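A short write-up of the structure that comes next.
The values are calculated or read from the model by the stated rules, or taken from the named source; none is laboratory data. What you see is a predicted model, and the numbers here were worked out from it, not measured in a lab. Cβ sites come from the backbone with ideal geometry, for glycine too, and all protein chains shown count toward neighbours. For accessibility, only protein heavy atoms count, side chains too; no ligands or nucleic acids. Shrake-Rupley method; radii C 1.70, N 1.55, O 1.52, S 1.80 Å.
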Amino acid sequence: MGPDDAVDESKLTLCCAVCCANCSTGPFCGCSGKTGVCCLNCEMCCTPGAPCLPCGCFGPTCDGEGCCNAQAQICCVVLSAAFPCTDSVPIAVTVAGVTLYPKVGCCVPLKEIMER
């Protein structure tokens, strides 16, 4: 959900999305999570190569990205949501890998929607 988190959103492919919530897959495997309100976040991460958190695998962080945000990664599946939508969780409508908004296509990379 940002430049220093465990998930590189630019490498994700959308599977399903409704407004500011989406499910996608990526070419990496790990376990991480982040949830936040305003600028306060709580993170956990067990993904190799990810930045260290204040308390090892867990920790509070302070970065303002929207009012509410959440992200969870289990293996290669990433679930993300934000309110309001953010650059890393853009508004989209995708059903079974077919994106209908903001760009029509099959297996659309999240990077293409983030660039809009």
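Looking across segment 96-113, the residues that are free of Cβ contacts under 8 Å to residues at least 60 places away in the same chain and over 14 Å from C19 (Cα atoms) come down to V98, V104, G105, C106, E112.
Residues in segment 38-73 that are within 16 Å of A21 (Cβ to Cβ) and not acidic (D, E) were compared, and the one that is farthest from the chain's Cα centre (by Cα) is C67. Residues that are within 14 Å of the chain's Cα centre (by Cα), modelled with pLDDT of 80 or more and not β-branched (V, I, T) do not occur anywhere in segment 97-106. For segment 79-113, filtering for residues that are over 22 Å from N41 (Cα atoms) and not small (G, A, S) leaves 18. Among the residues of segment 64-116, those that are more than 16 Å from S32 (Cα to Cα) and among the β-branched types (V, I, T) comprise T86, V89, I91, V93, T94, V95, V98, T99, V104, V108, I113. Being open to solvent by less than 60 Å² (accessible area, probe 1.4 Å) and modelled with pLDDT of 85 or more is a property that P90 has. The listed residues are S88, S80, and the only one of them that is assigned to a strand (DSSP E or B) and of a type in the set (G, A, S) turns out to be S80.
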